[in-house]
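Working notes for the structure below.
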Amino acid sequence: MRRDVFQAIADPIRRDILSLLADTPLTVNNVAEKFDVSRPAVSKHLKILQECDLITVERNGRARMCMIKPQNLMPAFMWIEQYKKLWENRLDEFGDYLHELQTKTTSNEPKK
């Protein structure tokens, strides 16, 4: 099955794993300890992240170390970035609209 970065980040547990690994490399066991799901479930998430080339898992003695490959998140970042300006403009317009409504409401209130 061909996977891509968007499939990888679609799942909240995988996003949380990436956040953990952004701070420091962790063993598979260290990653699994952080979640309330089974170790096999975490291993499956790690496998998907590895298939999407977002992490590497390397043997270090008996431990398997997981390390993020942040550069491979770039396609998702670039795709999201193109919509950032659009949403910023819409949120600004919405903020202006709310301010206008608030101004109308306070100007229509009876004076004491």
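Per-structure values
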quantity: Single condition Ile13 does not satisfy, out of (1) β-branched (Val, Ile, Thr); (2) in a helix (DSSP H, G or I); (3) closer than 20 Å to Met74 by Cβ; calculated: (3)
quantity: Selection count, the stretch 24-50, where residues are within 22 Å of Gln7 (Cα to Cα) and open to solvent by 90 Å² or more (accessible area, probe 1.4 Å); calculated: 6
quantity: Yes/no for Val42 being in contact with a Cys (Cβ under 7 Å, 6 or more places away or on another chain) and among the hydrophobic types (A, V, I, L, M, F, W, C); calculated: no
quantity: Index of the failed condition, Ile80 passing every other in (1) out of contact with any Cys (no Cβ under 7 Å at 6 or more places or on another chain); (2) open to solvent by less than 70 Å² (accessible area, probe 1.4 Å); calculated: (2)
quantity: Residue count, the stretch 22-44 (criterion: among the small types (Gly, Ala, Ser) and more than 14 Å from Thr56 (Cα to Cα)); calculated: 3
quantity: Which listed residue is assigned to a helix (DSSP H, G or I) and more than 24 Å from the chain's Cα centre (by Cα), from Leu18, Leu98, Leu86, Leu49; calculated: Leu98
quantity: Number of the exception - Asp36 against (1) assigned to a loop (DSSP other than H, G, I, E, B); (2) touching a helix residue (DSSP H, G or I) at 6+ places or on another chain (Cβ under 9 Å); (3) not basic (Lys, Arg); calculated: (2)
quantity: Counted residues, the stretch 55-67 - those being within 17 Å of the chain's Cα centre (by Cα) and open to solvent by 40 Å² or more (accessible area, probe 1.4 Å); calculated: 1
quantity: Selection count, the stretch 57-78, where residues are assigned to a helix (DSSP H, G or I) and touching a residue at least 40 places away in the same chain (Cβ under 8 Å); calculated: 5
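The values are calculated or read from the model by the stated rules, or taken from the named source; none is laboratory data. In this text the structure is predicted, and so the values were computed from the model without any measurement. Please note: Cβ atoms are built from the backbone with ideal geometry, for glycine as well, and neighbour counts cover all protein chains shown. The protein model used for the area step is the full one, side chains on, heavy atoms only, and it has no ligands, DNA or RNA in it. Shrake-Rupley method; radii C 1.70, N 1.55, O 1.52, S 1.80 Å.
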